[in-house]
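Below: the structure, in structure tokens.
The values are calculated or read from the model by the stated rules, or taken from the named source; none is laboratory data. Bear in mind the structure is a predicted one, so any value in this text is a computation, not a measurement. No Cβ is skipped: glycine too gets one built from the backbone with ideal geometry, and neighbour counts run over all protein chains shown. The area values use the complete protein model at the heavy-atom level, side chains included, leaving out ligands, DNA and RNA. Shrake-Rupley method; radii C 1.70, N 1.55, O 1.52, S 1.80 Å.
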Amino acid sequence: MKKSHPFRRVMLASAATVSGIVLLLTLKPSSDPGSAQAAGALPQQTAPAQESAQGGASVKDGTFTGDTIQTQYGPVQVRVTVSGGKITKADALQAPKGGRSDQISGDAIPKLNKEAIASGTEGIDAISGASYTSAGYGKSLQSALDKAGAGPGATGGGGGAQAATVTGDAVDTQYGPVQVRVTVSGGKITKAEAVQQPKGGRSDQISGDAVPKLNKEAVAAGSANIDAISGASYTSAGYKKSLQSALDKVPAAEADKGKGAGTGAAAGAGSGAGAADPAAGSAAGSGAAGSGAAAGGATSDGGGTYTGAVVQTEYGPVQVRVTLTKGRITSASAVQAPKGGRSDQVSGDAIPKLNQEAVTVGDGDIDAVSGASYTSAGYKKSLQSALDQAGG
């Protein structure tokens, strides 16, 4: 009785095959989620790295005390508390004291503390009437932030690129201090701002108009070789000096990446801004000195010829002589001006324009000549001193 059942065997084989396929299908999805989970875990692992690359972890939390800065009226020292990359508390451990300094510090320090917190790790503005204290506060604050990792050389982006933020020297002008802070990345100025600027009275309006333009010019030029803003020659000159001092502090490695920072900018400022200024000199002596070379002294019609004080500029002395008739300037000339090299060429262009403007305006309120900001500033001071002698 060897009877076989082929149909039954086929059914059993088919059932086994189907079961095997079903088993395989049920096992495969279980490995897929594992792969998906592993893939999903990667973003979670790289997220902190991305945050770090973006500079989120570059500023340390904690309390940091800045350097003691000596000012004309006494030392200033700032302590800050940083949390979440922002200043949450700021106070002055030291401030100028004694006499009127008590009143000034009592008014200025609370405002500076409040500004420091409001600005985060950006620059703060000087308090009107407390320029020296403000400058000292700003420097000490920056040194405290440097210790927190928010200052010069702090990492500003991924891929190993560094953005150096540096603050220039505070430059005193006739109308108040000017101080510039720049951020340099890849050898280029990516941001420029005035930490301090002249304030009070008409200076508010002039600074409000000129400083944003100077900031924009600094970024566009990539160096300190920028033009003075018309009607803001003193502020422009102070801005350029502070900007150059900031660029001089840029780390060498960063400066080497481009021609716009550090020594490259120094060369630009020296030949462009600086050398242009001096030029306002020697041709001045020859081009304009002729008509105004009359001897000084008053005349019967209430006029006269007056020679202003010698004003020392960064590129040489400037001295102006004017002739007045009935209280109006009828002739102006430069008795002295910076000389030598390219100065002769620039002077031939700048001084005649300054002379003409003095006669046209009739007083000392003249605009600077573009490319000759230092000489223009010296000319204006000497012109004013000449007018002061005439009672104008």
Which numbered condition residue 184 misses (of (1) open to solvent by 30 Å² or more (accessible area, probe 1.4 Å); (2) touching a residue at least 60 places away in the same chain (Cβ under 8 Å); (3) under 30 Å from residue 149 (Cβ atoms); (4) in a strand (DSSP E or B)) = (1)
For the subset of region 187-204 comprising residues that are out of contact with any Lys or Arg (no Cβ under 8 Å at 6 or more places or on another chain) and assigned to a loop (DSSP other than H, G, I, E, B), which member is nearest to residue 223 (Cα to Cα)?
-> 197
From the set of residues in region 187-232 that are free of Cβ contacts under 8 Å to residues at least 24 places away in the same chain and of a type in the set (Gly, Ala, Ser), which is most open to solvent (accessible area, probe 1.4 Å)?
-> 220
For region 307-327, name all the residues that are under 26 Å from residue 172 (Cα atoms) and open to solvent by less than 10 Å² (accessible area, probe 1.4 Å).
-> 308, 318, 320
When region 320-335 is checked residue by residue, the ones that are more than 11 Å from residue 386 (Cα to Cα) and assigned to a strand (DSSP E or B) are 325, 328, 330, 331, 333, 334, 335
Would you please name the residue that is modelled with the lowest pLDDT, looking only at residues in region 86-110 that are over 13 Å from residue 71 (Cβ atoms) and either hydrophobic (A, V, I, L, M, F, W, C) or touching a helix residue (DSSP H, G or I) at 6+ places or on another chain (Cβ under 9 Å) (or both)?
-> 86
Residue 356, sole failed condition from (1) open to solvent by 50 Å² or more (accessible area, probe 1.4 Å); (2) without any contact (Cβ under 8 Å) to a residue 60 or more places away in the chain; (3) part of a strand (DSSP E or B) | (3)
What is the one condition in (1) under 22 Å from residue 173 (Cβ atoms); (2) surrounded by fewer than 23 Cβ atoms within 10 Å (Cβ to Cβ) that residue 330 does not satisfy?
-> (1)
Scan region 336-349 and give yes if some residue there is assigned to a strand (DSSP E or B), in contact with a Ser or Thr (Cβ under 6 Å, 6 or more places away or on another chain) and open to solvent by 40 Å² or more (accessible area, probe 1.4 Å), otherwise no.
-> no
Name the residues in region 92-111 that are in a strand (DSSP E or B) and open to solvent by less than 50 Å² (accessible area, probe 1.4 Å), would you?
-> 92
